[in-house]
Amino acid sequence: MRDNPTHIQAFGNDPETRRRALGAMFAPFMRRQATSGLVLGAFIEGELVGVAGLSLPGRCQPALVDKLRALPALFSASGPRGMWRVYRWTRVWAQQDAQMPRHAHLGPMAVAPQQQGQGIGSALFQRLCDELSERQLVGYLETDLTANVRLYERFGFTTVAEQPVIGVKHWFMQR
């Protein structure tokens, strides 16, 4: 996730700044997912190398308390420009999300760079899709990587919208 085009656009060229900003942004949201959705981890020899989240219907957008918890660390990591870009980015995502029928939201999903290409992301994603099938839910996600579009299509997702977000092309997909 750290090197996705949207994250570079939002938080700048420094990888460590992006890592800190993404941690601040997603940590409160994933804590909520862990209690009211599903968070999966992939481990190799006890080390976390991949993570994937699923938000259940009605819980896709961060709650106000999650946003407020993220603000200090996000501001510290990215400054006012980064905060403004995150606002613009998440506003577009929320607008697209609101247009979807009752759905579960997949993401965030990330695999450690040194473990990418080994099937970890596909295994995590398969488990999320199994959960959608078991619960008979529509799945929804967004991505800014062409390679991810191809991956998600293999799992039955189709693109329902494309839109630039802070200057980066995004695909909005459902299954």
Self-check item: Cut-off 13 Å between beta-carbons: net charge of the residues surrounding GLY167, Lys and Arg +1, Asp and Glu -1
Solution: +2
Quiz item: What ranking do MET25, MET173 get, fewest neighbouring Cβ atoms within 10 angstrom at the top?
Solution: MET173, MET25
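Can you tell me which of 106-112, 92-98, 71-77 comes out highest on packing, and rank the rest after it, using the mean Cβ neighbours within 10 Å? Mind dumping the intermediate values first?
On the way: 106-112: 20.3, 92-98: 14.3, 71-77: 15.9.
Answer by packing, highest mean first, reads 106-112, 71-77, 92-98.
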Exercise. Could you tell me which of THR17, THR146, PRO108 has its Cα farthest along the dipole of the chain towards the positive end, charges placed at Cβ (Lys, Arg +1; Asp, Glu -1), taken about the Cα centre?
Key: THR17
Quiz prompt | Rg over Rh [alpha-carbon atoms, Kirkwood Rh] for segment 5-174 | solution = 0.93
Practice problem: Would you mind checking which residues have amide H under 5 Å from HIS170's amide H? H placed 1.01 Å from N; only 5 or more apart, or other chain. | Solution: GLN163, VAL165
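What does the charge dipole of the chain about its Cα centre add up to, to the nearest 20 debye, if the Cβ of each Lys and Arg holds +1 and the Cβ of each Asp and Glu holds -1? Provide the component values of the computation, followed by the final result.
Values: 20 positive and 14 negative charges, 109 e Å.
Roughly 520 debye, rounded to the nearest 20.
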Quiz item: Which ordering of LYS169, LYS67 is given by a fewest-first count of other beta-carbon atoms within 10 Å?
Solution: LYS169, LYS67
Quiz item: Is any residue of segment 16-32 close enough, with backbone N under 18 Å, to a label point placed 7 angstrom from the Cα of ARG127 along the Cα-Cβ axis, and if so, which?
Solution: 30-32
Practice problem: Would you please put 44-57, 151-164 in order of how densely packed they are, using the mean number of other Cβ atoms within 10 angstrom per residue and starting with the highest? | Solution: 44-57, 151-164
Exercise. Please give the net charge around ASP14, taking every other residue with its beta carbon less than 12 angstrom from that of ASP14, where Lys and Arg add +1 and Asp and Glu add -1.
Key: +2
Quiz item: Between Rg and the Kirkwood Rh of segment 9-65, both from Cα atoms, what is the Rg to Rh ratio?
Solution: 1.03
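Read-outs throughout are calculated quantities, based only on the coordinates presented, and are distinct from any laboratory measurement. Quantities reported herein were computed from a predicted structural model and do not represent experimental measurements. Virtual Cβ from ideal backbone geometry, glycine too; neighbours counted across all protein chains shown.
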